[in-house]
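Laboratory data are not the source of any read-out in this text; all were calculated from the coordinates shown. This structure is a prediction, so every number in the text was calculated from the model and none was measured. With ideal geometry, Cβ positions are generated from the backbone for all residues, glycine too; neighbour counts draw on all protein chains shown.
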Ligand SMILES: Nc1ncnc2c1ncn2[C@@H]1O[C@H](COP(=O)(O)OP(=O)(O)O)[C@@H](O)[C@H]1O
Ligand SMILES: Cc1ncc(COP(=O)(O)O)c(N)n1
Ligand SMILES: [Mg+2]
């Protein structure tokens, strides 16, 4: 079997202290150590055998176990039932030839090497005698007092370049050496004190493992069914793995006859043939993560379980596929009980609502019931459960990650994307999660990043012209855009670009005497009242324009959002004006009695003309600056960007300015930005260009509106 040497723990009983070697190893393996070397310089062979038995039980197949030097102890421990994978020998230790002969062809045999003559000796050995070299020391270290001169990263790189065998870096390796050693060609790093002497070996191992993974391209295997139309199954998985930064491999468990309109036949090759595929992979390639999808029947499920138990891949994500988006069954009912044993081997399980109902054996009434069911399932199988709300009715498509044992309950709210291209979303999502986990992210992060990618791919699905049923998502939408293969930007890119477009306008607004005086409290009342009166006229019309956006909105979520904003603008904002336009403030003007100033007329004409055109994308682009510029200004005022703090109770406009920085308004602004920039990202080039013009034009009207009250300091 191909050995995963990536994070290699070498034990040191003295450093483990009262916690002991066995507990230290157990915790370190929990944290992601992939191979353990028992190194006991002073114990008797009998004691080493006992230790190997105890370690073998603690590791329980989750990592490899080798022993330093003691070939006879390894053989004896094996005779007594321990799983000892091999030995690591030094230049002065027992002969590697004898070790190979005694331990057999499948054992893992390592050899310490650090000088050119060691390489010459290795080359003289029969091929297959030694599996890897332990090369070091990298830095001076106390755990090997008689160590040779330290190689450093550069010396290690040169050694690797000459070596015929994979090299593990050992000796004085600290966490910040992880990426440089990986880049220098290490297949793994061996750590002694940074793990044995750690207060929390699991956490220390997780840190090393994360750093190692972030520096590597993970090898991700999907075991699933084939969808020849390329939108779901194996084909979707490979695209998803690639799009999320992994190297994809695929073992086909079943074949479907399928297109975007449904599945018409299923062929299940012999399960033994699947096992052959899996063994061929794990014999040669280190598998960093496995995603499991359609398995068709109970025999296939059991076959996959058998392989998982032999190989123990470090990350397993199971998408318990039972029924396709089209409604066709993809798993025998008889296999549903076999599936449970598979879930027990998973780190993350990703059922949709129907699958979750089958797995907990009861109907699921609503989303909160789904969360309870996910909690139940998570507790039963000991895995994190990502429950998916793609099949809910209504405007939302939320997901939630629940890990009963770890006490994790993470909600991922999300508006439903209006698209028919939902074929293969579940397959694609679970592969993305497996890949991101293998890249070192924790489950909460991995799901969040996978969802962001999936939503981008769902939004762009319409750009593909594939089939007449539920079409596929566009797995590479973001990559192609960023790589210049298409001109379509992402929503985030639109936001950044437009905000930058109006930089000059924003700077000019900041410099206006009205804004300066409002910020430092020296603004006279007359221009302030002028501004309030114009603002009231503006808001009454703005609310009507927002209502028009609600009327034109393509989705229920957007319709509700603009309608609510219209309500807020006519009710909330005007209440605020009323509180300022009172005799107590020395102001008696009625709210809408002012004569509209030219700047007000011009701004409103632009908004009304855009609304009258009836094109939703441009209308919301024209609406956006009022949200965005006020929130930005309010937040910067609050944070003292203008040299004064309006929170100061002495500040005459404190309560007015506080409303600019109101968190609920900030939230509405964030939502408005999302709606507008997502629409722009999904639009054709011409529409996007018109949206951009509407946005910039409104921004210049905002500046003119702020400039209208004129120059305005009180005492000066
Ligand atoms: N129209 C949609 N808009 C946004 N997200 C969606 C939509 N349809 C599905 N999803 C998301 O796609 C993923 C797959 O979910 P779901 O469709 O429930 O599962 P499956 O594809 O396995 O049946 C989930 O993250 C879900 O929230
Ligand atoms: C081979 C195969 N595997 C899985 C699915 C499920 O698709 P979805 O991701 O839409 O649930 C499918 N339609 N075909
Ligand atoms: Mg699915």
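Please compute, over every Cα-Cα pair in the chain, the percentage with a separation greater than 37 angstrom. In whole percent, the long-distance tail amounts to 54.
A straight chain from residue 504 to residue 601 at 0.36 nm per residue would run longer than the Cα-Cα distance by 32.6 nm. Distance between the 7 Å Cα→Cβ label points at residue 674 and residue 463: 2.1 nm.
Between rounded, prolate and oblate, where does the stretch 386-455 land on the alpha carbon gyration tensor, with a ≥ b ≥ c its root eigenvalues, rounded for a/c under 1.5, else prolate if a/b exceeds b/c? In terms of gyration-tensor shape, oblate. Could you tell me which of rounded, prolate or oblate describes the stretch 322-419, using a ≥ b ≥ c as the square roots of the eigenvalues of the alpha-carbon gyration tensor, with rounded for a/c under 1.5 and, failing that, prolate when a/b is larger than b/c and oblate otherwise? Taking the square roots of the gyration eigenvalues as a ≥ b ≥ c, the stretch 322-419 is oblate. For helix 491-501, what angle does its Cα long axis make with the longest principal axis of the chain, in degrees from 0 to 90 and rounded to 10? Between the helix axis and the principal axis of the chain, the angle is about 50 degrees. FRET efficiency for the pair residue 667 and residue 615, taken as 1/(1 + (r/R0)^6) with r the Cβ-Cβ distance and R0 = 30 Å, rounds to 0.65. Computed with the Debye formula from one identical point scatterer per Cα of the stretch 491-707, without solvent, the log10 of I(q)/I(0) at q = 0.08, 0.13, 0.14, 0.18 Å⁻¹ comes to -0.27, -0.74, -0.86, -1.42. The overall shape of the stretch 214-336, judged from the alpha-carbon gyration tensor, is oblate: a/c is not under 1.5, and a/b is no greater than b/c. Each listed q (0.14, 0.15, 0.17, 0.23 Å⁻¹) maps to a log10 I(q)/I(0) for the stretch 21-117, found by the Debye formula over equal Cα scatterers with no solvent: -0.48, -0.55, -0.70, -1.21. Stretched out straight at 0.36 nm per residue, the stretch from residue 142 to residue 79 would grow longer than its current Cα-Cα span by 19.2 nm. Take the Cβ atoms of residue 655 and residue 707, set R0 to 25 Å, and the FRET efficiency comes out at 0.55.
Here the label points at residue 101 and residue 418, each 7 Å from Cα along the C-beta direction, are separated by 7.8 nm in the simple model. For the peptides 651-657, 637-643, 416-422, 69-75, residues were scored by their other Cβ atoms within 10 Å and the scores averaged per peptide; the highest-first order is 69-75, 416-422, 651-657, 637-643.
If the chain linking residue 635 and residue 560 were pulled fully straight, counting 0.36 nm for each residue of separation and taking away their Cα-Cα distance, it would gain 24.4 nm. Taking the chain as the reference, fit the longest principal axis to its C-alpha atoms, fit the long axis of helix 201-214 to the helix C-alpha atoms, and give the angle between the two in degrees, 0 to 90, nearest 10. The answer is roughly 70 degrees. Can you give me the C-alpha center-to-center distance between the stretch 13-60 and the stretch 85-99, rounded to a whole angstrom? First find each Cα centre; the distance between them is then 19 Å. Per the Debye calculation on the stretch 638-707 with a single equal scatterer at every Cα and no solvent contribution, log₁₀ I(q)/I(0) for q = 0.13, 0.16, 0.27 Å⁻¹ amounts to -0.59, -0.79, -1.14. Taking the Cα atoms of the stretch 465-617, the ratio Rg/Rh between the radius of gyration and the Kirkwood radius comes to 1.10. Scoring 311-320, 371-380 by mean Cβ neighbours within 10 Å over their residues and listing the highest first yields 311-320, 371-380.
Each peptide in 298-309, 622-633 was scored by the mean count of other Cβ atoms within 10 Å over its residues; highest first, the order is 622-633, 298-309.
Estimated from the Cβ-Cβ distance and a Förster radius of 22 angstrom, the FRET efficiency linking residue 524 and residue 575 is about 0.35. Round to the nearest 10 and give me the degree value, 0 to 90, for the angle of helix 233-243's Cα axis relative to the longest principal axis of the chain. Orientation of helix 233-243: about 70 degrees from the principal axis.
Each pair of Cα atoms in the stretch 7-214 enters the Kirkwood radius, and Stokes-Einstein at 25 °C and 0.890 mPa s then converts it into a translational diffusion coefficient of 145 µm²/s. Between residue 485 and residue 379, the simple label model (points 7 Å from Cα in the Cβ direction) yields a spacing of 4.6 nm. Measuring between their Cα centroids, the stretch 235-253 and the stretch 454-528 lie 31 Å from each other.
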